[in-house]
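*Asks:* There's a structure below that I have some questions on.
What follows draws every value from the coordinates through simple rules; no lab data is involved. What you are looking at is a predicted structure, and each value in this text was computed from that prediction instead of being measured. Because the Cβ atoms are built from the backbone with ideal geometry, glycine has one as well, and the counts that use them run over all protein chains shown.
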Amino acid sequence: MEPLLAPLPADRPPVTASPGLLDRHGRTATDLRVSLTDRCNLRCTYCMPPEGLDWAPASTLLDDDEVVRLITVAVERLGVTEVRFTGGEPLLRRGLERIVAATSALTTADGRSPETSLTTNALGLERRAAGLAAAGLTRVNASLDTVRPERFAAITHRDRLGDVLAGLRAAADAGLGPVKVNAVLLRGTNDDEAPDLLSWALAEGYQLRFIEQMPLDPHGAWDRSLMVDAAEVLASLATRYHLEPEPASVRGSSPAELWHVRRGEGGEPLGTVGVIASVTRPFCADCDRTRLTADGQVRECLFGSREHDLRALLRVGATDEQLADAWRGAMWGKVAGHGSDDPSAVGVGQRPTRPMSAIGG
């Protein structure tokens, strides 16, 4: 049996020289994504089959105190400044408000509270938005691929668009803004809807982000030839709006390329739209993320297959510094890039062993 505290890479710098989550390519992770459950109440066609998946046993998932302890280690010992709660669907976690409040009470190295956000499908958000805001949540990202009821039902296998829209409005009313809406265009399903989605988002005051469909489904639904890429999205938007790119220097580590939207060239500014081209325009060189799955595994890359078990360390009594050092060792091995759009890349063509709902976005 391998020891729980495995030897760290020999070329890793000493902790005193690198107390944060540094990797061997010079990147430092300050943005933590925390999956709180692998369960979801929608069945989006690109994420899981209609019948759902085999959910993880409750005993394997971190409990609320374990989640809070690992977040505390990340913020107080490893330099994390942003925490985003994901799933599955994080609103299915009963202790969400408690976890958010405990996270918001922490203090980063520069004396601030960590920025907290939520990625959600917005089902149930209408009744919980105010409580989450009171607990210290900063803002909400919501997934919504269409505003046409029949298409929503076809994509998600649930007739719940009205509930999603009500959740978004409640989030905005509770001050969880700017509310960002993430949309995936599916060829032959909603690929004609980009301008309409943008018109709707601008009218509602939401910030729209189009995301290329990523090869993260273990049931094999992803097909590169069916992916609507960033160039197609922008071409579709340009049929109705004039787009002006924001300078690359402004982007920083944000995954979204932003475009300023005008009614026509020289027309009045209407807002912005973003495109997250994870496949065709990867931004790995600026990645500042680390991920914690609902069952306590560190993943240094969303597209990767390696996981590092912090849950086992927690449950055998590891100290906070032992947990922190194991996390540092995990991140030191992060690869330079995921290569998902390169057929010759190692691992491309192999489906992940865990679904997106179990990894966290």
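*Asks:* Choose one of GLN297, MET214, GLY188: the residue whose Cα lies farthest towards the positive end of the charge dipole of segment 22-359 (beta-carbon charges +1 Lys, Arg; -1 Asp, Glu; about the Cα centre).
*Replies:* My answer, from the dipole projection, is GLN297.
*Asks:* Is the shape of segment 22-359 rounded, prolate or oblate, going by the alpha carbon gyration tensor and its root eigenvalues a ≥ b ≥ c, with a/c under 1.5 for rounded and a/b larger than b/c for prolate?
*Replies:* On the way: a/c = 1.45, a/b = 1.36, b/c = 1.06.
Rounded, since a/c falls under 1.5.
*Asks:* While we're here: How do ASP38, ASP110, ASP23 line up, fewest other C-beta atoms within 10 Å first?
*Replies:* By the 10 Å Cβ count, ascending: ASP110, ASP23, ASP38.
*Asks:* Which distance in nm do the two modelled labels at ALA285 and ALA235 give, with both placed 7 Å along the Cα-to-Cβ direction?
*Replies:* In this crude label model, ALA285 to ALA235 measures out at 2.6 nm.
*Asks:* Mind sorting GLU150, GLU246 by how few other Cβ atoms lie within 10 Å of their own Cβ, fewest first?
*Replies:* Values: GLU150 10, GLU246 14.
So the ranking, lowest neighbour count to highest, is GLU150, GLU246.
*Asks:* Now for a different question. Which of rounded, prolate, oblate describes segment 147-187, given a ≥ b ≥ c as roots of the alpha-carbon gyration tensor eigenvalues and a/c under 1.5 marking rounded, otherwise prolate only if a/b is larger than b/c?
*Replies:* oblate
*Asks:* Tell me, in nm to one decimal, what length is gained between GLU204 and ARG315 on full extension, where the rule is 0.36 nm per residue of separation less the Cα-Cα distance? Display every interim value, and only then the final one.
*Replies:* Working: separation 111, 0.36 × 111 = 39.96 nm, distance 4.62 nm.
Length gained, GLU204 through ARG315: 35.3 nm.
*Asks:* For the residues MET331, MET227, what sequence is obtained by ranking on other C-beta atoms within 10 Å, fewest first? Mind dumping the intermediate values first?
*Replies:* Values: MET331 23, MET227 20.
Starting with the residue having the fewest Cβ neighbours, the order is MET227, MET331.
*Asks:* Roughly how many Å is it from the Cα centre of segment 187-215 to that of segment 29-73, as a whole number?
*Replies:* 26 Å
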